[in-house]
Each structure stands twice: as C-alpha cells, then as structure tokens.
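Reading through the structure tokens given below for one structure.
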Amino acid sequence: MNRLVRSLIVVALLGLVLTLALAFRRDPHDIKTGTVGKPAPAFTVARLDGSGDLSLGQYAGKVVVLNFFASWCEPCTEENPALVRVYERYRGTDVVMIGVNYQETRDNGLSYAKRMGMSWPTIADDDGRLALSYGVFGPPETFFIRPDGVIAGRHIGPIDETTLITAIETIRPAARQ
C-alpha cells in the first residue's frame, strides 16, 4: 500500500511539473484572444479631466493606441516613459493615443496622468465596463486599432518603445508613413 501511495504521489508531481513547464513556455504578452481581428468595441466615455466625452468613432481612419492604466499599477508606471516618447513621436499624425484609467477614482487617475506627463486624451473607466468589452485582464494592456476600426494587436503587461513603434508601423497605411 505504501508503494502505491508513493507511486501516485510521484505521478501527480510529474504531471504538475509537466503542466507548469508547458504553461511557462508561452509569453504572456502574446496571448491571443478573441478581440484581435474583430471590430473594436465602440465607446463614448467621459474624459478623465471632465472636459466632455470622447468617442472612439471620432478617430475613424486613424491608428488608435488604446492603453489601459491605473495609478496603483506599478508596471503602468514602468511603461509610461515609453508611452510619452511614442506619443511625442506621432503627435499630430494619423496615430492617436488614448489612455483608459482603469477602475479607480477620477481624482487619483487625473493626478497620476498629470504627474506622469500624459498629455494625450485620457478617459475614465470607473466601473470597468469598457475594459470588460475589450477583454482586459488588468492593467497595463495596450490595444492597436487599425484605421478601419479592427483590433490589429494586443499587448498584455508593460510595453516598451520598440514594441509600440513596431506595432504602430505595421498597421499604418503605407501612403501616410
């Protein structure tokens, strides 16, 4: 009986090790989800600064970088300098960046956006409904929306400048580059 129990424990442990080894082979930043290749969920949401509403539809025909962030999210703080540099690079072009403050008070979100130098449009997702419509697991997450309104890519976790630029340039219309 002891031999049987030991054998079962060894088999169970080997199964666990195998499962974990297979799970950790995938890069979590490249998780394929049902949103990529589908139309981006439309939204009209209040701007974080209270200056009115912002609609995804007002950016039809442009590349949209939609970044979900929160002031309490340490990886969001890590990725922010790259977002600022990329925003400055594409400011005034056919590329638009929109920040989505994820499930926190507007005061905290607005204070964070100002402190971090986020001069691009930011909106409030107080209740998480917008994040839910995009299938967000948690901040930071970044979506790349083509000019035709289809989600071309998604990055889960903090993103770097090279990844941002590569994703943007991949979906920019060739005539406008």
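The values are calculated or read from the model by the stated rules, or taken from the named source; none is laboratory data. Owing to the predicted nature of the structure, the values given are computational and were not obtained by experimental measurement. A quick note on method: Cβ atoms are made from the backbone with ideal geometry, for glycine too, and the neighbour counts reach across all protein chains shown. All accessible areas refer to the heavy atoms of the entire protein, side chains included, with ligands and DNA or RNA removed. Shrake-Rupley method; radii C 1.70, N 1.55, O 1.52, S 1.80 Å.
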*asked:* Could you tell me how many of the residues in region 41-55 are in contact with a strand residue (DSSP E or B) (Cβ under 8 Å, 6 or more places away or on another chain) and free of Cβ contacts under 8 Å to residues at least 40 places away in the same chain?
replied: 5
_Residue selected from region 53-67 under the condition of a type in the set (A, V, I, L, M) and open to solvent by less than 30 Å² (accessible area, probe 1.4 Å), by the criterion farthest from Asp126 (Cα to Cα)_ = Val63
*If you check Arg89 against the conditions, is it farther than 18 Å from Ser51 by Cβ and part of a helix (DSSP H, G or I)?*
yes
*Count, please, the residues in region 60-80 that happen to be without any contact (Cβ under 8 Å) to a residue 40 or more places away in the chain and in a helix (DSSP H, G or I).*
3
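Quick grid of which residues meet (1) in contact with a helix residue (DSSP H, G or I) (Cβ under 9 Å, 6 or more places away or on another chain); (2) closer than 17 Å to Pro41 by Cα; (3) open to solvent by less than 20 Å² (accessible area, probe 1.4 Å):
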| residue | (1), (2), (3) |
| --- | --- |
| Leu83 | yes, no, yes |
| Thr93 | yes, no, no |
| Met97 | yes, yes, yes |
| Tyr102 | yes, yes, no |
| Lys114 | no, no, no |
| Ile123 | yes, yes, yes |
| Ala131 | no, yes, yes |
| Thr163 | yes, no, no |
| Pro173 | no, no, no |
